[in-house]
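The values are calculated or read from the model by the stated rules, or taken from the named source; none is laboratory data. Because the structure is a prediction, the values reported are computed rather than measured. Note: ideal-geometry Cβ built from the backbone for every residue, glycine included; neighbour counts use all protein chains shown. Protein only, heavy atoms only, side chains kept; ligands, DNA and RNA dropped before computing areas. Shrake-Rupley method; radii C 1.70, N 1.55, O 1.52, S 1.80 Å.
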2 protein chains.
Amino acid sequence: MGRLVMKFGGTSVANIERIQNVARHVKREVDAGHEVAVVVSAMSGKTNELVAWCTEASPLHDAREYDAVVASGEQVTSGLLAIALQSLGIQARSWQGWQIPIRTSDAHASARIVEIDGSEIIKRFAERKEVAVIAGFQGIHAETGRITTLGRGGSDTSAVAIAAALRADRCDIYTDVDGVYTTDPRVVPKARRLDKVSFEEMLELASLGAKVLQVRSVELGMVHNMPIFVRSSFDKPEDIDPHGTPPGTLISSEEDSMENHVVTGIAFSKDEAQISVRRIEDKPGVAASIFGPLADANINVDMIVQNVSEDGKTTDLTFTVPAADFARAKQTITSAQDKIGYARFDSETDVAKVSVIGSGMRSHAGVAAQAFAALAARNINIRAITTSEIKFSVLIDAAYTELAVRTLHTLYGLDQV
Amino acid sequence: MGRLVMKFGGTSVANIERIQNVARHVKREVDAGHEVAVVVSAMSGKTNELVAWCTEASPLHDAREYDAVVASGEQVTSGLLAIALQSLGIQARSWQGWQIPIRTSDAHASARIVEIDGSEIIKRFAERKEVAVIAGFQGIHAETGRITTLGRGGSDTSAVAIAAALRADRCDIYTDVDGVYTTDPRVVPKARRLDKVSFEEMLELASLGAKVLQVRSVELGMVHNMPIFVRSSFDKPEDIDPHGTPPGTLISSEEDSMENHVVTGIAFSKDEAQISVRRIEDKPGVAASIFGPLADANINVDMIVQNVSEDGKTTDLTFTVPAADFARAKQTITSAQDKIGYARFDSETDVAKVSVIGSGMRSHAGVAAQAFAALAARNINIRAITTSEIKFSVLIDAAYTELAVRTLHTLYGLDQV
C-alpha cells in the first residue's frame with residue numbers, strides 16, 4: 001500500500017463523462033489499497049472563458065480579482081469529481097486551496113506556494129479512507145485571506161507540492177499524451193516514449209518545448225525528490241492493471257536510474273530570430289548595455305554566444321530572440337548604437353534551434369562532435385553553438401529543422417525499432 | 001450620507017456589458033456620498049448549468065459538494081464587478097461568503113444565516129471608501145469550514161442579512177421589474193406599481209406568486225426592520241437622480257407608512273386542485289391522519305377549510321394541492337380510507353385561488369363581504385373561503401381567474417387612473 005497524488009488536466013475533465021472516467025481511474029488505485037489525493041484543473045475552455053471575461057471587464061484588471069474569478073474553475077471540477085467518486089461508493093471530499101490551506105505568496109496570478117498543511121488530509125486517509133479531491137492552481141495568501149492562483153498550468157505545480165506535503169510515494173500526472181517522447185512524434189514518427197528521465201533532463205526538455213509538464217512542477221519535484229509519472233488519462237481505467245507497469249514516463253532523480261542515457265531526446269524550436277552585433281568594444285559592461293535595454297523591453301533572449309576577440313579590442317555578440325519580438329529588438333539595439341558602441345548589426349529571422357539533451361553527456365566525451373559531423377554530412381550549416389552540462393544547442397536555417405532533428409534522432413540511437 | 005446595500009440578480013449581471021451597467025449604478029450612489037456594499041447573484045443561466053452538472057455526475061449527490069460547485073457562480077460575478085468598478089476609478093474588492101465570514105447552519109443547499117461579521121467591511125468604508133462586492137447566496141459552516149449555500153434565490157436573503165449586519169439605512173434590490181404591483185400586469189393592464197407595502201403584506205404577496213423577492217428575505221427584513229427597496233436594474237444609471245425618488249416599491253414596517261392600504265394587491269394562483277373529504281368522523285387527530293401522510297409524500301397543502309359539523313359527529317374537510325401533485329395526493333388519501341375513516345372523496349382539478357391582501361383589513365370591516373358580492377354579480381361561484389388578518393382567499397373555477405382578479409382590482413380602487 002502506498003500514497004499517491006493523481007493529477008488530471010483540463011481535457012481529462014472536459015465534461016461529466018470524462019470526470020466519471022477520472023473517477024474510475026481513482027477507484028482503481030483506491031481498490032488497490034492506495035491512499036489517494038486527486039488534483040484537478042478546470043474543465044477545458046473554462047479558464048479561457050473566465051480570463052476573457054476579466055479582460056472584457058477591464059483590459060487592465062486587479063490581479064486579486066482575476067484570481068477570485070479564475071480560481072472558480074477548479075472549484076467546480078473538484079466538487080463534481082467528489083460527487084462522481086461518491087457515486088462509485090468511494091469516500092471523497094473536495095478541498096479548495098484556502099480550506100487546506102495551501103499558503104502562497106501574494107504575487108497574485110503567479111503566486112508561489114509557501115507552505116501546505118497536509119495534516120487534516122493525512123488524518124482522513126487513516127480514519128476514513130477518504131479521497132481528497134483538491135482544486136489545483138490556487139491557494140490563499142494568509143495575511144490578506146485572499147485567493148491566489150499560481151499562473152497558467154499551475155495545477156501541475158499544485159500536484160507536486162501537495163505530493164511533497166502529503167509525503168506521497170509518487171505524483172501521477174494524467175494528461176492527453178502517454179508520456180515524454182525522445183522528440184516530437186509529428187516530426188519524427190519513430191520517436192520513442194521514454195520510460196525514465198531525470199529531473200534535469202526533463203527541465204531541458206520542458207523548457208525547450210516538450211509541453212507536457214509545467215517547468216516549475218519539475219523543479220519542485222527535483223527539490224523534494226518527488227517522482228513524477230506522466231501517463232495518459234484516455235486509457236480505459238478498466239484496462240490498467242494497478243499492480244503492473246502502465247505506459248508512461250517516470251521523472252525522478254538521476255540516482256534512481258539504472259543507467260544514464262547518453263542522449264535522452266532532441267528538442268527544437270522554430271520561430272527564432274538571430275541577431276549579431278559586430279565589432280563591439282571589448283570592455284566590461286558591454287553585454288549589460290545590450291541585454292539591459294532588451295530586458296526592459298520585455299524581450300526574452302535565448303541563446304547567447306560571445307567569442308573571445310581576435311584583436312583583444314572588439315568582439316562579436318550573437319543571440320536569439322523570438323521571431324515575433326525581432327522588430328522591437330532591432331529597434332532597441334539600433335537606436336542605442338552610439339551608447340553601446342558597435343560597428344555593424346546583422347540579423348537572420350528564419351532560423352531554428354535544435355537541442356540535444358542527455359545527462360550522460362557529463363561522462364561521455366565527443367557527443368556534440370558526432371552531431372556536428374552528422375549535420376555537416378547533410379550539408380546543414382551550423383550558425384552558432386551553445387553548450388551546457390547536459391545539453392548542447394545548434395542554431396540552423398529553419399528550413400533544415402526537420403532534417404536536422406531526424407538526423408540527430410537516428411544518430412543517437414533514439415529511433416523506435 | 002448614508003449606508004446602502006445594493007443587490008443585483010442574475011439577469012442584471014448576465015454579461016460583461018450588464019455588469020458594467022451595474023458598476024455605473026454603484027458609482028452613482030458612491031458619487032452621492034453613500035457607503036456601499038453590493039451583493040451579486042451568478043450570471044443568469046450559470047447556476048442552472050452548475051446544478052445540471054451536479055445532477056449529471058450523480059442524480060443523488062452530496063449537498064456539500066453541490067454547494068462547493070454552485071457557489072462558484074457568485075464568486076465569478078463578484079470578481080468581475082470589482083474589476084468593472086475599479087475601471088471606473090472606484091475602490092472596490094470582492095468578498096466570498098467564507099472571507100467575511102457569513103456563518104450559516106450546516107443545512108447544505110438550504111442553509112440559514114447564523115451570523116455575519118461586518119466589522120472589516122465597515123472599517124474599510126471609513127478608512128478607504130472601499131465598496132464591498134459580496135458574493136450572494138453563500139456562506140460558510142464555521143465548524144467544518146465548508147462552503148454552504150442558502151437555496152435558490154438566496155441572494156435576496158444574503159443582501160438583507162448583510163444590510164442588517166452592516167447597519168445599513170436601506171437594502172436596494174435591483175431586479176428585472178421596477179417594483180411590486182397591485183396584481184400581475186399581464187392579467188390586469190391597469191395594475192399599478194405600489195410605492196410602499198408593509199413587510200406583512202409583501203409576505204402574502206410574495207408567497208402567493210408575485211415572484212419579485214425571496215420570501216425569506218422579507219421575513220428577515222421584518223425581523224431586523226430593514227427597509228427593502230425593489231427597483232429596476234435596467235434603468236439607465238445616468239438617468240437617475242441619486243437625490244430624487246426613483247421608481248420602485250419600498251417594503252418597510254407598517255409604522256413607517258403614512259396610511260395603511262385597505263387593500264394592497266390581488267394575488268392569484270392557477271394550477272390548484274381541490275380535494276374534499278366528506279363525512280369524516282369528527283374527533284381529535286383526524287386532521288393529522290390526513291395531512292401527515294401528505295406531508296410524508298412531500299405534497300404541499302395550501303388552503304385548508306374545515307367547517308363546524310352540523311351533527312357533531314362528522315365533518316367535511318376541503319384543501320388544495322398543486323395540480324401536479326393531485327394524482328399522488330388522491331392515491332395517498334384513498335389508500336388510507338379505512339385508517340382515516342371517511343365516506344366520500346370529491347375533487348376538482350381545475351380551480352384557482354384568488355387572494356386579496358391589505359393590512360388595512362385589520363381595521364376596516366366588510367372588506368371581504370364587498371368581494372363576495374362583486375363576484376356574485378359576475379356569476380362567479382365561490383367554492384371555498386379562507387381568511388387571515390390581512391388577507392382573504394377564495395377558491396373558484398380556474399376559467400374565471402382573470403375575470404375575478406380584474407373585478408376585485410377595480411372594486412378596491414387599485415386601477416391606474
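Report the per residue volume, in Å³, of the convex hull enclosing the C-alpha atoms of the protein assembly as shown.
215 Å³
Note the distances from B:S105 to each other copy's matching label point, with points 7 Å along the Cα-to-beta-carbon direction, in nm, sorted shortest first.
With the label placed 7 Å along Cα→Cβ, B:S105 yields 4.6 nm.
Would you report the distance distribution of C-alpha pairs in region B:265-411 as whole percents per 5 angstrom bin, up to the bin with the largest distance?
Binned Cα distances yield the sequence 2, 9, 19, 19, 18, 14, 11, 7, 2, 0.
In nm, what does the list of distances from A:E49 to its counterparts in the other copies look like, shortest first, when each label sits 7 Å along Cα to Cβ?
0.2
Only loop residues by DSSP count here, and only those with at most 15 other Cβ atoms within 10 Å; note down the trypsin sites (Lys or Arg not before Pro) in region A:242-325 that meet that.
Taking region A:242-325 and a limit of 15 other Cβ atoms within 10 Å, the loop trypsin sites (Lys or Arg not before Pro) found are A:K313.
Any idea how far the Cα center of region A:229-285 sits from the one of region B:274-302, in Å?
Computed from Cα coordinates, the inter-centre distance equals 73 Å.
Name the chain A residue nearest the rotation axis between A and B, going by Cβ position, and give the distance in whole Å.
It is A:S72, 2, counting Cβ atoms only.
Give a quick list of GluC sites (Glu not before Pro) in region B:52-161 that DSSP marks as loop, anything other than H, G, I, E or B, with at most 15 other Cβ atoms within 10 Å.
Qualifying residues, ordered by number: B:E143.
Rank by packing, highest mean first: peptides A:16-22, B:322-328, with packing defined as the count of other Cβ atoms within 10 Å averaged across residues.
Descending mean neighbour count gives A:16-22, B:322-328.
Using a label point 7 angstrom from Cα along Cα-to-C-beta, what distances in nm, from shortest up, separate B:A336 from the other copies?
8.6
DSSP loop (so not H, G, I, E, B), at most 10 other Cβ within 10 Å: list which GluC sites (Glu not before Pro) in region A:235-307 pass both filters.
When the GluC sites (Glu not before Pro) of region A:235-307 are filtered for loop state and at most 10 Cβ neighbours within 10 Å, A:E259 remain.
Pairs of Cα atoms under 8 Å, at least six residues apart: use those to get the relative contact order of region A:3-254, whole percent.
Over region A:3-254, the number comes to 21 percent.
Looking at region B:3-254, send over the antiparallel percent of its DSSP beta bridges, to the nearest 5.
30 percent
Taking the mean number of other Cβ atoms within 10 Å as a proxy for protection, how do you rank A:218-225, A:289-296, B:214-221, A:5-12 from highest to lowest?
Descending mean neighbour count gives A:5-12, B:214-221, A:218-225, A:289-296.
Averaged over its residues, how many other protein chain Cβ atoms are within 10 Å of peptide A:81-89's Cβ atoms?
5
What is the mean number of Cβ atoms from other protein chains located within 10 Å of the Cβ atom of each residue in peptide A:145-157, rounded to a whole number?
1
Specify the inter-centroid distance of region A:306-353 and region A:385-406, based on alpha-carbon positions, in whole Å.
Each part reduced to its Cα centre gives a spacing of 20 Å.
Can you pull the mean other chain C-beta count within 10 Å for peptide B:182-193?
Taking the mean over all residues of the peptide, I get 0.
Please report, in cubic angstrom per residue, the volume enclosed by the convex hull of the alpha-carbon atoms of region A:1-86.
Cα-based convex hull of region A:1-86, divided per residue, equals 85 Å³.
Using all alpha carbons of region A:3-254, what is the percent of pairwise distances in each 5 Å bin, ordered from the shortest bin to the longest?
Pair shares across the bins are 1, 7, 14, 18, 20, 18, 12, 6, 3, 1, 0.
Taking Cα centroids, how far is region A:15-36 from region B:61-103 in Å?
30 Å
Which of the helices in chain B meet the span-like rule: DSSP H, Cα axial reach of 18 Å or more, Kyte-Doolittle mean at least 0.0?
Span-like helices, by this rule, are B:72-87.
How much accessible surface does A:R128 have with a 1.4 Å probe, in Å² rounded to 10?
In the full protein context, A:R128 sits at about 110 Å².
In Å, what Rg and Dmax follow from the Cα atoms of region B:16-160?
15.5, 49
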